[in-house]
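**Student:** I'd like to ask you about the structure that follows.
The values are calculated or read from the model by the stated rules, or taken from the named source; none is laboratory data. No experiment lies behind these values; they were computed from the predicted model shown. Neighbour counts are summed over all protein chains in view; Cβ atoms, including those assigned to glycine, are modelled from backbone coordinates with ideal geometry.
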Amino acid sequence: MIPLTFYLGLAALLFSIGLYGVMTNKNGIRMIMCIELMLNSANLNLVAFSSYTDTLNGQVFAIFSIALAAAEAAVGFAIFMAIYRMHDKINLDELNILRW
Amino acid sequence: MKINRPLAFLVALLFTAVIVVGAFGTSWNTVSELPENPTDQSNIEGIGMLLFTHYVAPFEVLSIVLLASLIGAIYMAKGEGNQ
Amino acid sequence: MLPVASLLILVPLIFAAVTFFTKTKEQAAGLGFLGSLVTLGLTLYAYMNFDSSTAAMQFFESIEWIPSLGVNYSVGIDGISMPLILLISIVIPFLILYSWKEDREAPNRFYGLILTMQAAVIGVFVALDFLVFYIFWELTLIPLFFMVNIWGGEKRVHASYKFFIYTHVASLVMLLGIFGLFYASWQQTGIPTFDIRELVTQFQFFESSLLRDAIFLSIIFGFLAKMPAFPFHSWLPDAYSEAPTAGSVLFVLLKIGGYGLFRISLPMLPNTGNPDLMITMLGFLGSFSILYGALVALRQKDLKRMIAYSSLSHMGFVTLGAAGLVTLSVSGAMFQQFSHGLIMSILFMSAGAIQTSAGTRIINNLGGLAKKMPKLTVVMMVGFMASLGLPGLTGFIAEFLVLTFSYVNLPGFVLLALLAIVITAGYHLWAMQRAMFGVYNEKLGDIMDINSLQVFSMAAIALLVLYFGLNPSPVLNMMITNSEAIVSLAAALGV
Amino acid sequence: MVKTALEDFAFLIPLLPALAFVITFFFGRKMPSGGAIVPILAIAASFVISLMITLGLLENPGEVVSQSYSWFAVLNIGILIDPLAAVMLSMVSFVSLLIHIYAVSYMSHDPGKARYFAETALFTAAMLSLVLSDNILQLFVSWELVGLCSYLLIGFWFEKPSAAAAAKKAFLTTRIGDVMFLTGIIVLTSDLLKLAGGFQDGVYLLRFDEIFSYIPQLAALQANILGFEVSHLTLITLLFFGGAVGKSGQFPLHVWLPDAMEGPTTVSALIHAATMVTAGVYLVARTFPMFIAAPDSLLVVAYLGGFTALFAGTMGIVMNDLKRVLAFSTISQLGYMMLGLGLGSAIGLEAVGISIFHLINHAFFKALLFLCAGSVIHAVGTQDMRELGGVGKVMPITAATMTIAALALAGFGIPGTSIGTSGFFSKDAIIEAAYLFGEHSNNWIPYVFSIAAALLTSIYIFRLIFMTFTGKPRSDYHGHESPAIMTIPLSILALFALVFGGLTKTGFMSFLEETFANSFVNIDIGSLAVIGQNELVEAAGHEPVFVLWLPLIVAVVGLAVAFVIYYLRIVELGPIASMKNPIYRLLYKRYYQHEIYTEFFSLGIVYGVIAFFSQVLDVIVDSIVEGIGILTVGASEELRKIQTGVVQSYATAVILGVSLLIILVKLIMEVL
């Protein structure tokens, strides 16, 4: 049997990859993609725990989380489109009007 | 401030290490054997049951959230000027 | 019997609230005066019904407030607070009369703030619960801050912020000490309480002497910075000299630092880890403040700054007398608070009158004012003589008691303080000679003497200085009763 | 009985002049001649009461007036009229009364005369209350009030910068002495507190009888000061003497007295004769039992007194200002009084007698000298002797009375008889006592000092008389004799200066010796002297004849010298009395006291210390506070730049923070 920790490790790896993407990418679309990656690593954890504790709650939550991710992606893309219309770009490191 | 890739990499690595060490260092309270159900591998039925009984309220809320975000996304993506 | 202690807070507060909504100068001043008169009446009522032969709390009231934390609204008056309440209730009406004819913007706020200040200071004096105490303690900051900030001199903004932040930080350190006291006592007894007397009593049962020292030092830091004592005084010259006359007088009436010393710190002192060290520290701060304030005052060019430093010097007697821990030295220190409030009010009113008439406070630019302002000169002379400790006036009684009886325990520090007495005489006489005597400085033009309301209010305070200088017993006796209680506490512990 | 009734009015003695002060101060301007009549009547009443009490005491010296009331805390106010206080009271009120009468005319043209009479009334009240206080604190209170009044009166013409400066100087210099006095009281109180083991109800520790009863224990307490073992009693008495030095113008705190001439001349007369300067002598006399029981204290008093007598005399002979000569003469005579008290280490209680005797006589002739000088200044308008001369022709009464005063000051009289001026009896008694002291202890310094000072006294006072009243006018002035209201007090004083000493000589001494043996205190001076290691000699009377005659001879020599130089003008003084002569310059510059005291000590050392405190220490303390403020503002200015507004860096920071926090928590949990 594959131990639970292996799933957790995989999820951690996925999360970190997504994290690295969020920290380094300038493009908003890419950032949203990386955030999806992080969400999915969380889903992986939920499902893994669900299986290893013999309950279904985690899987239900995974479904909720996928649905929310869809909503988040939709709103996120919409925001980026609005920004793009205003600035003609979606490079987030240049959109730093909320500083200091 | 410029984006600092090496730093980001290091931070990501550090975080992975912390999580992995945490995950491997914890003794999880799990079942000893995964359930064997050769007749029906799927648990769709169980999930469906849960979703419409115990989690029905969050489910309904989620539908409203989805609807709201849908409308919002359409409104924002469409823009103000062009009908 | 009237619930005087609560009324003494409420009446000025209500009058202040109403005064804020008045439209004209006369209405504001009149209402303010009326409010202060009612407060004075209440104070006199309290004084008449006061029993000065007991050190116990009188006019005690207590209402439950936050039972889960043991917070009560409890107030009362004893011999430590009665004279100080008397002091502020007496001076405030005269202060309002003094500033009656001055023109300034927003008079409604001006008089409202004066009454708020009175309510807050009396609140500190009557509070018997640490939380109530602290709330009123911080409330005093607000009127003073705005007094300096709105009606102050040229550098008013800097001075007001400096005063506010400095004393506020000190108060926060004190609050930390109060919380330490609260939690340690909670751990000790299992019952949460904020009652000042209960906590001060519980203090001696704390096991860790480090904890006791830390609590004592952080609380006394708040008091010393408020008094102020050297080296926590640097907000004082700026704030005192930038404030308008009424503001300076309010600063003078802010006797809460010294009050805290007697009410809270002195009963705790014998139970600290190393009482001798603490006494030495207090004695040093006191006597050095006396000397230091006098020396620095001698070099000041600005009359008001000079008076401010002389105030620092005088407050040193409070610390020194408290450190003396002999019944009469402690009562001398209490009396010094009372006397200092009266004397400094006269001095700041005089300096304010000179500023208004001559347009400057720089001593070297004045000269020969006695010729043009004979009435002011007489009153100011009384104030200066009282301030330099002339017998027959209140300053002498306080200084004599402090010096004589602190000498029993702290001879070295008393000798240090005695050095300052000549210097104190020196700068007072120098200022008097330069500003009031000699040839009239024609550059000042034709100036007017103070108006009759000002004469009346200053002369009335001067008469009180004389009266209590000749017959201090009416306030001194109750002080002696209470200091006996404090000192016997210390003596029982062999300090 | 009349006597008991009289005692009950004793409190009126200081109170009436004090009331007069209040009335004159507020209403004097509306009354004729500045309301002078109020203080005059008040002081006259005080004088009458004092005199009646004194006469009563003369009959029955043991029954003194003593009343005590609680003042505040454990301290009291009270009245003690024993022989010492009685004679002082009578003298002060009498001389003050005459000066007030004189001043009605003298001050008649001054616009501030109401203020003048108010302040002199207060001055007199303070001095009277000083004299009759029965405890050391009340004495100190009055002592300070006397100082305040002198400040107000010396600076009476406050529009004159020199007057304001002189007033300040007088107050500050005496204040140095006052602080020593106060220190003495503080040390005394704390010692008494220890010895008595706290306060008891109804026992006023600071009352003289209580203090005196603790003398043996006080003397036994030892303190270690700079390696010397000093008895507490010596310490206390020397601190008291420090106060007396300031008030009575003894070296080195005498510098204020000559400057005190800036006030009206009547004020100078009050200060020099009746009030103020005699307070110091009175203090030492009042606490004499303490002094005699304290080892070494009386010696210090004697040396300093003798030295001051000589030192002031040397300056007196070169001054050109009429009033300044008199001022130095006062310092010199006060030196005699102190010397007389100091000699108590040999002659015991008799010292109080001769010293106070001299004090009283001096009050008469010094008041007379000043009032005469005032009369001259009032008439002529200048007080520089170089511009005077020949005044005697236009002002015969003044000249005559002043000559009488000069004779009294120089001490003319025939030894062995009762013929002589007042000054003769008292001064010679002091000089004889100094001889006894020298013979007894083989220490001739006080005697030499007193004889030399007598010679100088005679020279400078007759120099003054000859320069002022004889010869031809050296400037253009128009003088006239003063009105009767001024000359009558002069004549009365002249009468007293002439005969008072001779009439009361023996009675006075024996009366004063009752001071410390009566219903209030009963002290055996002899046993106290043993504590103080002072060996008393038996009564005088076996001195060689030359000792009796030498003071007179010296006085005559002085008169002759002055006569030759300033009347006959045979000797040309040009080369000697010029600034090129270093000794003359030294004297004329008053031993460079101004340079040493003001410029070196005050401005140099004291001001340097102050500059350090105010410009270095205070700035440092303040900059620490301001620095913390500036630092905080600066730090936030820099730190806020961390908020870059870039989402990616926030994310990095958050994750880094979370990681580190987890590690930290883990580490802490490992450790605990």
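**Student:** Could you figure out which of (1) buried (at least 16 other Cβ atoms within 10 Å of the Cβ); (2) assigned to a loop (DSSP other than H, G, I, E, B) isn't true of C:Ile9?
**Tutor:** (2)
**Student:** So which residues in segment D:419-449 are under 27 Å from D:Val499 (Cα atoms) and more than 24 Å from the chain's Cα centre (by Cα)?
**Tutor:** Hits for segment D:419-449 are D:Ile419, D:Gly420, D:Thr421, D:Glu432, D:Tyr435, D:Leu436.
**Student:** Consider segment C:467-483. How many of its residues are in contact (Cβ under 8 Å) with a residue 12 or more places away in the chain, more than 11 Å from every other protein chain (Cβ to nearest Cβ) and surrounded by fewer than 21 Cβ atoms within 10 Å (Cβ to Cβ)?
**Tutor:** Within segment C:467-483, residues that are in contact (Cβ under 8 Å) with a residue 12 or more places away in the chain, more than 11 Å from every other protein chain (Cβ to nearest Cβ) and surrounded by fewer than 21 Cβ atoms within 10 Å (Cβ to Cβ) number 1.
**Student:** Counting residues that are assigned by TED's automatic domain parsing to the domain that holds D:Ala529 and within 30 Å of D:Tyr567 (Cβ to Cβ), which helices (runs of 4 or more DSSP H) fully inside segment D:291-390 reach at least 1?
**Tutor:** Where helices (runs of 4 or more DSSP H) fall fully within segment D:291-390 and carry at least 1 residues being assigned by TED's automatic domain parsing to the domain that holds D:Ala529 and within 30 Å of D:Tyr567 (Cβ to Cβ), they are D:297-316, D:322-342, D:350-380.
**Student:** Go through segment C:81-119 and give me each residue that's within 13 Å of the chain's Cα centre (by Cα) and among the small types (Gly, Ala, Ser).
**Tutor:** Those that are within 13 Å of the chain's Cα centre (by Cα) and among the small types (Gly, Ala, Ser): C:Ser81, C:Ser89.
**Student:** Moving on to the next point. Regarding segment C:396-418, can at least one residue be identified that is within 12 Å of chain D (Cβ to nearest Cβ), in contact with a Ser or Thr (Cβ under 8 Å, 6 or more places away or on another chain), under 23 Å from C:Leu298 (Cβ atoms) and at pLDDT below 85?
**Tutor:** Checking segment C:396-418: not a single residue is within 12 Å of chain D (Cβ to nearest Cβ), in contact with a Ser or Thr (Cβ under 8 Å, 6 or more places away or on another chain), under 23 Å from C:Leu298 (Cβ atoms) and at pLDDT below 85.
**Student:** Which of the residues spanning segment A:39-64 are within 11 Å of chain B (Cβ to nearest Cβ) and either under 13 Å from D:Ala651 (Cβ atoms) or under 10 Å from the mean Cα position of the chain (by Cα) (or both)?
**Tutor:** A:Ser41
**Student:** For segment C:382-395, which positions are in a helix (DSSP H, G or I) and more than 8 Å from chain D (Cβ to nearest Cβ)?
**Tutor:** C:Val382, C:Gly383, C:Phe384, C:Ala386, C:Ser387, C:Thr394, C:Gly395
**Student:** C:Ser208: over 25 Å from the mean Cα position of the chain (by Cα), modelled with pLDDT under 90 and over 22 Å from C:Asp129 (Cβ atoms), yes or no?
**Tutor:** It is true that C:Ser208 is over 25 Å from the mean Cα position of the chain (by Cα), modelled with pLDDT under 90 and over 22 Å from C:Asp129 (Cβ atoms).
**Student:** Another question, if that's okay. Please go through segment C:385-435 and give me each residue that is farther than 14 Å from D:Glu144 by Cβ, among the aromatic types (Phe, Trp, Tyr) and surrounded by fewer than 24 Cβ atoms within 10 Å (Cβ to Cβ), ordered by number.
**Tutor:** Passing the criteria: only C:Trp430.
**Student:** To continue, here is another question. For residues that are in contact with a Ser or Thr (Cβ under 6 Å, 6 or more places away or on another chain) and surrounded by fewer than 21 Cβ atoms within 10 Å (Cβ to Cβ), scanning just segment A:1-42, find the one that is modelled with the lowest pLDDT.
**Tutor:** A:Leu4
**Student:** Which one of these is in contact (Cβ under 8 Å) with a residue 60 or more places away in the chain, farther than 30 Å from C:Thr280 by Cβ and β-branched (Val, Ile, Thr): C:Val402, C:Val414, C:Val379, C:Val408?
**Tutor:** C:Val379
**Student:** Is it the case that some residue within segment D:71-79 is in a helix (DSSP H, G or I) and either of a type in the set (A, V, I, L, M) or closer than 23 Å to D:Val284 by Cα (or both)?
**Tutor:** No, because not a single residue in segment D:71-79 is in a helix (DSSP H, G or I) and either of a type in the set (A, V, I, L, M) or closer than 23 Å to D:Val284 by Cα (or both).
**Student:** List the number of the failed condition for C:Val422; all other conditions in (1) more than 30 Å from C:Ile447 (Cβ to Cβ); (2) among the aliphatic types (A, V, I, L, M); (3) touching a residue at least 24 places away in the same chain (Cβ under 8 Å); (4) within 10 Å of chain D (Cβ to nearest Cβ) hold.
**Tutor:** Exception for C:Val422: condition (3).
**Student:** Considering (1) within 21 Å of the chain's Cα centre (by Cα); (2) closer than 22 Å to C:Ser99 by Cβ, say which one C:Ala323 fails and leave the rest.
**Tutor:** It fails just one condition, (2).
**Student:** State all residues of segment D:230-283 that are surrounded by fewer than 24 Cβ atoms within 10 Å (Cβ to Cβ), under 17 Å from D:Ala302 (Cβ atoms) and small (Gly, Ala, Ser); if no residue qualifies, say none.
**Tutor:** D:Gly242
**Student:** Looking at C:Gln336, C:Gln355, which one is over 27 Å from C:Ile85 (Cβ atoms) and assigned to a helix (DSSP H, G or I)?
**Tutor:** C:Gln355
**Student:** Could you list, in sequence order, the residues of segment C:1-47 that are of a type in the set (Val, Ile, Thr) and either modelled with pLDDT of 90 or more or more than 24 Å from the chain's Cα centre (by Cα) (or both)?
**Tutor:** C:Ile9, C:Val11, C:Ile14, C:Val18, C:Thr19, C:Thr22, C:Thr24, C:Val38, C:Thr39, C:Thr43
**Student:** So which helices (runs of 4 or more DSSP H) are wholly in segment C:220-300 and hold at least 1 residues that are over 29 Å from C:Leu199 (Cα atoms)?
**Tutor:** C:235-242, C:245-253, C:275-298
**Student:** Does segment D:439-450 hold any residues that are part of a helix (DSSP H, G or I) and either modelled with pLDDT of 85 or more or within 13 Å of D:Tyr303 (Cβ to Cβ) (or both), and which are they?
**Tutor:** D:Ser441, D:Ile445, D:Pro446, D:Tyr447, D:Val448, D:Phe449, D:Ser450, listed by residue number.
**Student:** Answer yes or no: is there a residue in segment C:444-466 that is closer than 26 Å to C:Ile290 by Cβ, of a type outside the set (A, V, I, L, M) and surrounded by fewer than 24 Cβ atoms within 10 Å (Cβ to Cβ).
**Tutor:** No, there is no match, as no residue in segment C:444-466 is closer than 26 Å to C:Ile290 by Cβ, of a type outside the set (A, V, I, L, M) and surrounded by fewer than 24 Cβ atoms within 10 Å (Cβ to Cβ).
**Student:** Here's another thing I want to ask about it. Determine, yes or no, whether A:Ala69 is under 25 Å from B:Tyr75 (Cα atoms), in a helix (DSSP H, G or I) and either at the interface with another protein chain (Cβ under 10 Å from one of its Cβ atoms) or small (Gly, Ala, Ser) (or both).
**Tutor:** yes
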